[in-house]
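The values are calculated or read from the model by the stated rules, or taken from the named source; none is laboratory data. Bear in mind that the values here come from a model prediction, so they are computed numbers and not experimental data. Glycine also receives a Cβ, built like all others from the backbone with ideal geometry; neighbour counts cover every protein chain displayed. Please note that ligands, DNA and RNA were not included when accessible areas were found on the heavy atoms of the full protein model with its side chains. Shrake-Rupley method; radii C 1.70, N 1.55, O 1.52, S 1.80 Å.
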Amino acid sequence: MKILLFTVRVLSSSIAIAIISTASLSAFAQSSGTLLVANQTDRTLSFIDPVTAKQTFALQEDRITGHEVTTSPDGRTAYLPIYGDAGVGRPGTDGHEMLVIDVPTHKITATVDFGHGVRPHLPVYDTQRNLLYVSTELDEAITVIDPKTLKILYKIPTGAAQSHMFALSHDGRFAYTTNVGPASVSVLDLDTHKTLAIIPVGEPGTTRVQRISLSNDDKLLFTSDWNNPRLAVVDTTTRKLQTWIPLPGTGYGSASTHDGRYLILCLSKIAKVAVIDLSNFSIVRTIDVPSQPQEVLVRPDGLVAYVSCNKDHKVAAIDLKTWKVESLIDAGNDADGLAWSTWSNASSPKSAGTH
């Protein structure tokens, strides 16, 4: 009888451990897709299996260099603009093309040539109009491309220099660009292809706005001041700066959780991520991550936030239920732009090399 009781206890403990282990892995096991990471220094695009938290392939660009990436709605195609070899507003080469990549086969299938140096930076797929937008910084515009024919259709002027990043409203009506040096945000009408307003955010010379995201209801816009540890909150209805949120370190990329309650913000210079309660703009926690966190991508299922960490060539995977870093994924040097493909690595070639 004692032996039987001991066996039952051991079995119960094993089951409990298994349940805990399953729970801790559930956020990652539920995922089906591929995480893409643009690595600036390596000039590669990483393909990462979110379940195993491992890079399965690194596609060589053979160009200098891609910073940001996005995918088509079916997940089969990735778009990687080639920006150049310098930071925004700094002297260097001026990229003039965008790579089109077949995700299942990991191959570059086409290029889009903008005809002259434009420093193409951020690609965003407009699912409502089935159009691809790319920020073309030196043209002071967003360039609009037909993703089927890869033909350039038209440009929407931003009315300002250094329009580096932008975000689309969830209702599909507007685009908002951050204009880094001018310290402003341009409001673009996606139907009329016109600039509706330019919103001042701080003073040019003392403020440089970087990265941009929107609240889930499109009422608030967030952009970091790269010169000072503060986050600008812009009211999109009044098109005015609403407030500054003081930060413990300089902010960078951000994204809202799917429930709209929190903003996840990279604090690039202190190797942390801040979690901001959007009901009162208070920082409720900070999370340690590898050095120079750049960009945040909340996975489509809302369970995990991925944070690219530039100098440590890592991507931190944060469980949004526990607010803990559950894994650190090896990517390439200067890991930066992130995108999610619904195409699963399980259906892709079994190579883990570099093409």
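If we scan the stretch 257-264, do we find a residue that is within 16 Å of the chain's Cα centre (by Cα) and either of a type in the set (A, V, I, L, M, F, W, C) or in a strand (DSSP E or B) (or both)?
yes
Taking the stretch 133-159 as the region of interest, how many residues are of a type in the set (Gly, Ala, Ser) and open to solvent by 10 Å² or more (accessible area, probe 1.4 Å)?
From the stretch 133-159, those of a type in the set (Gly, Ala, Ser) are 135, 141, 159; that's our starting set.
Of the ones still in play, those that are also open to solvent by 10 Å² or more (accessible area, probe 1.4 Å) are 159.
Counting residues in the stretch 133-159 that are of a type in the set (Gly, Ala, Ser) and open to solvent by 10 Å² or more (accessible area, probe 1.4 Å) gives 1.
So the check is Cβ under 8 Å with 6+ separation or different chains; which pairs have a first residue in the stretch 276-299 that's without any contact (Cβ under 8 Å) to a residue 40 or more places away in the chain and a second one that's among the aliphatic types (A, V, I, L, M) and in a loop (DSSP other than H, G, I, E, B)?
Partner pairs satisfying both residue conditions: ILE283/LEU247; ASP288/ALA271; VAL289/ALA271; PRO290/ALA271; SER291/ALA271; GLN292/ALA271.
Please go through the stretch 145-174 and pick out each residue that is in a strand (DSSP E or B), of a type in the set (A, V, I, L, M) and more than 20 Å from the chain's Cα centre (by Cα). Walk me through how you get there before you give the answer.
Of all residues in the stretch 145-174, those in a strand (DSSP E or B) come to 145, 152-157, 163-168, 174.
From the residues that got through so far, the ones that are of a type in the set (A, V, I, L, M) too are 145, 152-153, 156, 165, 167-168.
Selection gives ILE145, ILE152, LEU153, ILE156.
Being closer than 11 Å to PHE222 by Cα and at pLDDT 95 or above narrows it down to one residue among SER268, SER254, SER282; which is it? Walk me through it before giving the result.
Values: SER268 fails: closer than 11 Å to PHE222 by Cα; SER282 fails: closer than 11 Å to PHE222 by Cα.
That would be SER254, the only listed residue that is closer than 11 Å to PHE222 by Cα and at pLDDT 95 or above.
Just for the stretch 54-88: of the residues that are part of a loop (DSSP other than H, G, I, E, B) and in contact with a helix residue (DSSP H, G or I) (Cβ under 9 Å, 6 or more places away or on another chain), which one is most open to solvent (accessible area, probe 1.4 Å)? Steps first, answer last, please.
Applying the first criterion (part of a loop (DSSP other than H, G, I, E, B)) to the stretch 54-88 yields 61-65, 67-69, 72-76, 83-88.
Of the ones still in play, those that are also in contact with a helix residue (DSSP H, G or I) (Cβ under 9 Å, 6 or more places away or on another chain) are 83, 88.
On the way: TYR83: 1, VAL88: 22 Å².
Per the stated criteria, the residue is VAL88.
Which of the residues spanning the stretch 221-230 are more than 21 Å from GLU137 (Cα to Cα) and either out of contact with any strand residue (DSSP E or B) (no Cβ under 6 Å at 6 or more places or on another chain) or buried (at least 21 other Cβ atoms within 10 Å of the Cβ) (or both)?
The first filter runs over the stretch 221-230 and keeps only residues more than 21 Å from GLU137 (Cα to Cα), leaving 228-230.
Within the stretch 221-230, ASN228, PRO229 qualify.
Among the residues of the stretch 312-347, which ones are outside any loop (DSSP other than H, G, I, E, B), touching a Lys or Arg at 6+ places or on another chain (Cβ under 9 Å) and either charged (D, E, K, R) or open to solvent by 30 Å² or more (accessible area, probe 1.4 Å) (or both)?
Once the filter is applied, which keeps residues that are outside any loop (DSSP other than H, G, I, E, B), touching a Lys or Arg at 6+ places or on another chain (Cβ under 9 Å) and either charged (D, E, K, R) or open to solvent by 30 Å² or more (accessible area, probe 1.4 Å) (or both), the stretch 312-347 yields LEU328, ASP330, TRP340.
Within the stretch 111-132, which residues are loosely packed, with under 12 Cβ neighbours inside 10 Å and outside any loop (DSSP other than H, G, I, E, B)?
ASP113
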